[in-house]
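The structure appears below as structure tokens.
Every number in this text was worked out from the coordinates using simple rules, so none of it is lab data. Remember, it's a predicted structure, so these values are computed and weren't measured experimentally. We place every Cβ from the backbone using ideal geometry, glycine too, and count neighbours over all the protein chains shown.
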Amino acid sequence: KLDGRGGFRFFEPEMDERVQARRRLELDLRRAVAAQEFELVYQPQMNLETNRIVGCEALIRWRHPERGTVSPGDFIPLAEEVGLIVGIGEWVLRTACREAARWPGDLTVAVNLSPAQFRGGGFVATVASALEESGLDPRRLELEITEGLLLHDSEANVATLHALRGLGLRIAMDDFGTGYSSLSYLRSFPFDRIKIDRSFVSGDPSGGTGGAMAIVRAVAGLGAALGMATVAEGVETPEQMDSIRREGCTDVQGFLISRPISAADIRRLFAEQAEP
Ligand code: C2E
Ligand code: MG
Ligand code: MG
Ligand code: MG
């Protein structure tokens, strides 16, 4: 059909290109799963009372043979869409547990979960098996979920959260404050920790640091009232650190403490910290 303005025909090749680029990425991702091109890096979390590193968050990286390091933001959403996240997520879980089992003392590891991992019903058994296989004390594992999990199938997912908690591990609410009804999610499950999203911690010029810090203060207070620890994400400057300390957060994570680093570097860091 000939469109007088040519609008529809004009966009067609572009659409086609985008679909093809996605298809290429998908095939590449499937190949990467088989070739085991993924790696975990670990970002330390510091307790604000003791000023000691208490654990790390495991973050996935794709070491692509041609494209270099690919960030999770550039492939996790597609992995979720095409169902590859279940296998990748299980690899993340098992690898993180095995790694943390080598860390001294009671240092914890936090693992990010995608909602798709909750579907199908086998997830609790997978987590139990990762703990068993690694020998990691369940109290040293934290699972981070986002609001997406409580948006759909929330009753079944909350039941799964309780079953997971029954294994002895901790559950954290990630990116708190970015959702449509973050507050109501706090009523659906007694989280162990709330991770306050980076956007409230970093002085966002559009929002104004004053207002963002008032929110950090409110969430820290909310956490205290509910018996939940509060982690401030994305702390980059000493000034932000001072503020979140003042506002009463219990823990901090961000480039100021450390960027995410390799498993070998984390082990070195823990060995240094353990020295008298
Ligand atoms: P997240 O779970 O909120 O992880 C924190 C992200 O903030 C990480 O980005 C981390 O590198 C970054 N970050 C930490 N401190 C700072 C800081 O001070 N400044 C700035 N600008 N950024 C900071 P990353 O590693 O790119 O991960 C992005 C997101 O991808 C994660 O957000 C998480 O939602 C997802 N993700 C990462 N690994 C996994 C995984 O193994 N499985 C799943 N399902 N998702 C993952
Ligand atoms: Mg996270
Ligand atoms: Mg986060
Ligand atoms: Mg995030």
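Things to note:
- The stretch between Ala218 and Met15 holds 68.6 nm of extra length on full extension. This uses 0.36 nm per residue minus the Cα-Cα distance.
- Taking every DSSP bridge with both residues inside the chain, close to 40 percent are antiparallel.
- Rounded Å value of the spacing that divides the Cα centres of region 48-113 and region 214-265: 20 Å
- Virtual paramagnetic centre 7 Å along Cα→Cβ of Arg246, amide N under 15 Å, in region 217-232: 217-218
- Region 30-115: antiparallel DSSP beta bridges as a percent of all, rounded to 5: 75 percent
- Pairs of Cα atoms nearer than 8 Å and 6+ residues apart set the relative contact order; for region 220-276 it is 34 percent.
- The GNM of the chain, with springs linking C-alpha atoms under 10 angstrom apart, assigns the highest mean-square fluctuation among Leu131, Leu25, Leu167 to Leu25.
- Only Lys, Arg (+1) and Asp, Glu (-1) charged, at Cβ; region 128-267 dipole about Cα centre in debye: 360 debye
- The convex hull built on the alpha-carbon positions of the chain has an orientation-averaged projected area of 18.4 nm².
- The loop-placed GluC sites (Glu not before Pro) in region 63-142, going by DSSP, that have at most 14 neighbouring Cβ atoms within 10 Å of their Cβ come out as Glu66.
- Based on C-alpha pairs under 8 angstrom that are at least 6 apart in sequence, region 23-67 has a relative contact order of 36 percent.
- Separation of the Glu236 and Leu167 label points, Cα + 7 Å toward Cβ, nm: 3.5 nm
- Extent along principal axes [Cα atoms of region 29-150; Å; largest to smallest]: 42, 34, 29
- Against the chain, whose longest principal axis is taken from its Cα atoms, helix 209-226 shows a tilt of about 60°.
- Distance in nm between pseudo-label sites at Arg187 and Asp74 (7 Å out along the Cβ direction from Cα): 4.2 nm
- Contour excess over end-to-end distance, with Cα ends at Arg102 and Thr126 and 0.36 nm allotted per residue: 6.6 nm
- Note on Gln36 and Val158: the extension gain reaches 40.7 nm, defined as 0.36 nm multiplied by sequence separation minus the Cα-Cα distance.
- Nearest-0.05 FRET efficiency for His64 and Arg267, computed from C-beta distance (R0 35 Å): 0.90
- Percentage relative contact order, the chain, counting C-alpha pairs under 8 Å, at least six apart: 17 percent
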